[in-house]
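The values are calculated or read from the model by the stated rules, or taken from the named source; none is laboratory data. Keep in mind that this is a model prediction, so the values were computed, not measured. Cβ sites come from the backbone with ideal geometry, for glycine too, and all protein chains shown count toward neighbours. Heavy atoms of the whole protein, side chains included, go into the accessibility calculation; ligands, DNA and RNA do not. Shrake-Rupley method; radii C 1.70, N 1.55, O 1.52, S 1.80 Å.
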Amino acid sequence: MQSSNMINYDYSVAKCFAIATIVFGIVGMAIGVLIAFQMAYPELNYLAGEYSTFGRLRPLHTDAVIFGFILSGVWSTWYYIGQRVLKVSMAESPFLMFMGKLHFWLYIVGVAVVVVTLFMGITTSKEYAEFEWPIDIVIVLIWVIWGMGIFGLIGIRREKTLYISIWYFIATFLGVAMLYLFNNMAVPTYFVAGLGKWYHSVSMYAGTNDAMVQWWYGHNAVAFVFTVPIIAMVYYFLPKESGQPVFSYKLSLLSFWGLMFVYLWAGGHHLLYSTVPDWVQTMGSIFSVVLILPSWGSAINMLLTMKGEWGQLKSNPLIKFMILASTFYMFSTIEGPIQAIKSVNALAHFTDWIPGHVHDGTLGWVGFMIIASLLHMAPRMFKREIYSKKLLEAQFWIQTTGIVLYFSSMWIAGITQGMMWRAADQYGNLAYSFIDTVNVLHPYYTIRGVGGLLYLVGFFMFSYNFYKTMTASKAIEEEPQSASPMAA
Amino acid sequence: MNWLNDNVNLLSLIGAAAIILITAFVAGKYIKQMKTDKSTGELAEENWDGIGEYKNPLPIGWAVSFLGLIIWAIWYFLAGYPLNGYSQIGEYNEEVAAYNTKFESKWANPDEDTLMGMGEGVFLVQCAPCHGITGDGINGKATDLTSWGPESAIVNTIAIGAKGSGYPLGEMPAGLLDPESAKAVAAYMVEKISKAGPSKNPDLVSTGEALWATCSACHGEDGKGMAGSSPDISNYGKPEFIVNVLNRGKKGMIGSMPSFNDGRLTDIQKFAVGKYVNSLSQ
């Protein structure tokens, strides 16, 4: 068996996706900050006519961060981790190399088309599945190419046993493939009934069924994009960066299969108190509550991996990012299930508590993990040390403050809003009209905007740090075994 | 108003606190171990890119909670929930029926103050979005209720006519009478027909009575609208008239107002808001 150091891993695709991660991160988060401020200052809707209205920008924000920033991050880390834990270089197979590059460039084309069509207001109007059918076909193609890349690499691997991260990457691939195909089944109206433009379509499902498929998809997009591949990252980068063995193989195994089994049934919690059958709603709530444990299993496994390593936590900002990320992962995976309890949902549904919950997960867990992963990879991909530790430390605190402002304002706003909607005066009349709630929430919307802005500022600091690492930092002779080298 | 009398509010607050406390407790416990404990265990044979894995057993608290939740879930889904006979619609119907019964007995004989207070509450939530908080109609978006309903409004109605509530007689044409005669009819109406008076022009009542035939052709001698052919204006200026407007809705010269007979307001609430609206023009 060859030693891993002797294999010359080819990071060209990983690098491309790393840059895409940063670019889409900036775009997606900047739009996010803008629409956050639009909620507080509606005049901002009219900066650029129809193109800057909240309705146009909201799907651009969500799709840019989910399918731009996060997926690029997932792929960047896949093309890095995959080779290393399978002990095989992409350079060994011209076919895999070609597929990797095709994957990247086709994806960039797909993103460009998505951006243009969403700005034009062409959407299927399904949340997180806004793309019209021709784009869906391109996306399926991109996905298949990635899949061939995964299984191709696994096929020529030298390491017999698959590392946990690989299970999670495979699960991401299979999970999204299934969800995406089923939810995006659509009837192209022009070809079937001569209605609309050639690219228009309507969902193949009607009414309540459509809602159920949509949230089965929507909820599991959270599972298989925000959770599963990010766990793949933490299982590789935290032990690697700290040099600590993973705490427990059994815990990894049970958490993995627990997550796989439980997640898929929980989507009904998005449709509580709707026309969906009672038993589907109840099932959604039950599985959501059970889901706490497999989610926490992975996080606990990571926290326990760092047992006795307080020193590293204090001195290495990358470890700090990953530990806080795991903690935010715990936070949002107990928050979701509690919001999925019917009586709590009666208050929480449609309030700002929900975006608050989403952003605990995305900013705290997903964002932090992707940032830490790319910075761990940078010295190994570019053979240079990380440009500035000071900048990284500052970024950590600025972004953490941002997240805290974001979620605390949305918690207060959401719970206040929910209570106001329910409130009745002594005669049983509703006590508040909608505009009363808007008045009360206004300051919290401003605070949320500021929180988002801080996170974005931190992301710019990260981008600069990464760029400098790539281009101007001090070169390193040999690849570090664990902790990433960084200049003060 | 007591926020915590509502169990949904209460459970949500407990839930929110639980999220913070449980996370802080569990994560805190493990983070503390980073300071105090040492990582140990038997390593698995494999090693991936320098990463090893211990064969440590499951953390006991985690394993027990997981098992416990799985057992609870199976029980709840197969026994706890179905045997309880829960239905969302059933729950809704029961709660609404119970609430309405309670409401009706509690407010069966409301006094003036209660009606005004209740009416104001209804108005601010159900009516103010279109009619404005003060009832001024927000620059013509809806009827200006501060000048609608009194004697002067009858003069105005005669001048501009009325339409939009779907009566068999259709529209009331504009300008049926000249302004002076209209004033007289209005005086007669508030003194003798609706008895919402006293009139500001008592000396015109008898002139108005002589002209009433113009109106009774459609509204009837007694103003009661000839069995539904036109609106009953014998209660014009009183809450009952507004209750009727709320039940029918109106799509007139200003715009359209939906009807409110979908159960969102009880009869007592409709009467109360009528009373409140009348007070706006006094």
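Among the listed pairs B:Lys192/B:Lys238; A:Lys383/B:Lys35; A:Lys320/A:Lys383; A:Lys474/B:Lys35; B:Lys141/B:Lys238, which have their C-alpha atoms separated by more than 21 angstrom in this model?
A:Lys383/B:Lys35; A:Lys320/A:Lys383; A:Lys474/B:Lys35; B:Lys141/B:Lys238
Work out which residues of region A:232-250 lose at minimum 10 square angstrom of accessible surface when the other protein chains are put back, relative to the chain isolated, with a 1.4 angstrom probe, and list them by number.
The answer is A:Tyr236, A:Pro239, A:Lys240, A:Gln244, A:Pro245, A:Val246, A:Phe247, A:Ser248, A:Tyr249, A:Lys250 - residues whose exposure falls by at least 10 Å² when every protein chain is included.
With each run of n ≥ 4 DSSP H residues scored as -39500 (n - 2.57), what mean residue ellipticity at 222 nm is computed for the protein assembly as shown after dividing by its residue count and rounding to the nearest 500 deg cm²/dmol?
-20000 deg cm²/dmol
Run the accessible area of region A:13-470 with a 1.4 Å probe and give the carbon-and-sulfur part as a rounded percent.
Ligands and nucleic acids excluded, carbon and sulfur give 74 percent.
With +1 assigned to the C-beta of every Lys and Arg and -1 to the C-beta of every Asp and Glu, and no other charges, what is the dipole magnitude of region B:110-280 about the Cα centre in debye, to the nearest 20?
480 debye
Within 10 Å of each Cβ in peptide A:314-326, how many partner chain Cβ atoms are there on average? Round it to a whole number, please.
Averaged over the peptide's residues, the number is 1.
How far apart, in nm, are two points set 7 Å out from the Cα along the Cα-to-Cβ line at B:Thr114 and at B:Trp72?
If labels sit at B:Thr114 and B:Trp72, their model points lie 4.4 nm apart.
Provide the per residue accessible area, probe 1.4 Å, for chain B, rounded to a whole number of square angstrom. Intermediate values should be presented prior to the final figure.
Details: 15740 Å² over 282 residues.
Counting only protein heavy atoms, the per-residue value for chain B is 56 Å².
By average Cβ neighbour count within 10 Å, what is the ranking of A:417-425, B:64-72, A:81-89 from highest down?
Result, highest mean Cβ count within 10 Å first: A:81-89, A:417-425, B:64-72.
Enter the accessible area per residue of chain A (Å², integer; probe 1.4 Å; all protein chains in place).
That works out to 36 Å² for each residue.
Please list the non-local residues whose amide H lies under 5 Å from the amide H of A:Ser201, H modeled 1.01 Å from N, same-chain partners needing a gap of 5 or more.
Counting only residues 5 or more places away or on other chains, the set is A:Thr189.
Students often check this: by mean Cβ neighbours within 10 Å, which of A:245-252, A:45-52 ranks highest, and how do the rest follow?
The densest-packed peptide leads the list: A:245-252, A:45-52.
Between the helical axis of A:368-382 and the dominant principal axis of chain A, each derived from Cα atoms, what acute angle in degrees is found, rounded to the nearest 10?
Helix A:368-382 sits at roughly 30 degrees to that axis.
Could you pull out the pairs from A:Lys126/B:Lys250; A:Lys101/A:Lys468; A:Lys87/A:Lys307; A:Lys160/A:Lys307; B:Lys200/B:Lys224; B:Lys106/B:Lys195 whose alpha carbons sit more than 32 Å apart here? If you can, show how the numbers build up before the last one.
Values: A:Lys126/B:Lys250 36 Å; A:Lys101/A:Lys468 25 Å; A:Lys87/A:Lys307 28 Å; A:Lys160/A:Lys307 29 Å; B:Lys200/B:Lys224 23 Å; B:Lys106/B:Lys195 30 Å.
Those over the limit are A:Lys126/B:Lys250.
Shielding by partners for B:73-84, please: the mean number of other protein chain Cβ atoms within 10 Å of each residue's Cβ.
The shielding value for this peptide is 3.
Within 15 Å, Cβ to Cβ, of B:Ala210, how many net charges do the neighbouring residues add up to if Lys/Arg are +1 and Asp/Glu are -1?
-4
List the accessible area buried at the contact between A and B, summed over both sides and calculated with a 1.4 Å probe, in Å² to the nearest 100.
Between A and B, the summed buried area is about 6300 Å².
Return the sequence-ordered ³J(HN,Hα) values of region A:443-452 in whole Hz as given by the Karplus equation 6.51 cos²θ - 1.76 cosθ + 1.60 applied to θ = phi - 60°, using x for Gly and Pro.
Result, ordered by residue: x, 5, 5, 5, 4, 4, x, 5, x, x Hz.
What figure in square angstrom, to the nearest 10, would you give for the accessible area of A:Thr400 with a 1.4 Å probe?
20 Å²
When the Karplus curve 6.51 cos²θ - 1.76 cosθ + 1.60 is applied with θ = phi - 60°, which whole-Hz ³J(HN,Hα) does each residue of region B:107-120 get, with x for Gly and Pro?
The phi angles translate into 10, 4, 10, x, 8, 3, 4, 4, 4, 5, x, 5, x, 5 Hz.
Label-point separation (nm) for A:Val404 and A:Val192, each offset 7 Å from Cα along Cα-to-Cβ?
Using points 7 Å along Cα→Cβ, the separation is 5.2 nm.
Let me confirm one metric for peptide B:117-126, namely the mean number of other chain beta-carbon atoms within 10 Å of its residues' beta-carbons.
The shielding value for this peptide is 5.
Quick one: which residues, 5 or more positions from A:Ala424 or on another chain, have an amide H under 5 Å from its amide H? H modelled 1.01 Å from N in the peptide plane, none for Pro or chain starts.
Amide H to amide H, under 5 Å and 5 or more residues apart or across chains, A:Ala424 pairs with A:Ala431.
In whole Hz, what ³J(HN,Hα) sequence does region A:179-194 give by Karplus (6.51, -1.76, 1.60; θ = phi - 60°), x for Gly and Pro?
4, 5, 4, 5, 6, 9, 4, 9, 9, x, 5, 5, 6, 8, 10, x
From the square roots a ≥ b ≥ c of the eigenvalues of the alpha-carbon gyration tensor of region B:110-280, which class results: rounded (a/c under 1.5), prolate (a/b over b/c), or oblate?
Working: a/c = 1.72, a/b = 1.53, b/c = 1.12.
It comes out prolate by the Cα gyration axes.
Using a 1.4 Å probe on the protein heavy atoms, what percent of the accessible area of region B:3-86 belongs to carbon and sulfur?
Ligands and nucleic acids excluded, carbon and sulfur give 69 percent.
Which cross-chain or sequence-distant (5 or more) residues have an amide H under 5 Å from the amide H of B:Ala162, H modelled 1.01 Å from N in plane?
Amide H neighbours of B:Ala162, under 5 Å, 5+ apart: B:Met172.
For region B:110-280, which whole-number percentage of the solvent-accessible area (1.4 Å probe, protein heavy atoms only) is attributable to carbon and sulfur atoms?
55 percent
Add +1 for every Lys or Arg and -1 for every Asp or Glu among the other residues with Cβ under 13 Å from the Cβ of A:Tyr199, and state the total. Please report the intermediate quantities before stating the final value.
Numbers: positive: A:Lys197; negative: A:Glu130, A:Glu132, A:Asp136.
So the environment of A:Tyr199 carries a net charge of -2.
Would you be so kind as to list the residues of region A:159-183 that have their accessible area lowered by at least 50 Å² in the full protein complex compared with their chain by itself (1.4 Å probe)?
A:Tyr163
Need the full-extension length gain, B:Leu43 to B:Lys251, defined as separation in residues times 0.36 nm minus the C-alpha distance. One decimal, nm. Write down the numbers at each step before the final one.
On the way: separation 208, 0.36 × 208 = 74.88 nm, distance 7.97 nm.
Contour length minus the Cα-Cα distance gives 66.9 nm.
Among residues other than B:Val185 whose Cβ falls under 13 Å from its Cβ, what is the net charge (Lys/Arg +1, Asp/Glu -1)?
Around B:Val185, the charge tally is -3.
Go ahead and collect, in residue order, the members of region A:361-375 whose backbone nitrogen is under 20 Å from a label point 7 Å along the Cα-Cβ direction of A:Ala483.
A:372-375, by backbone N distance to the label point.
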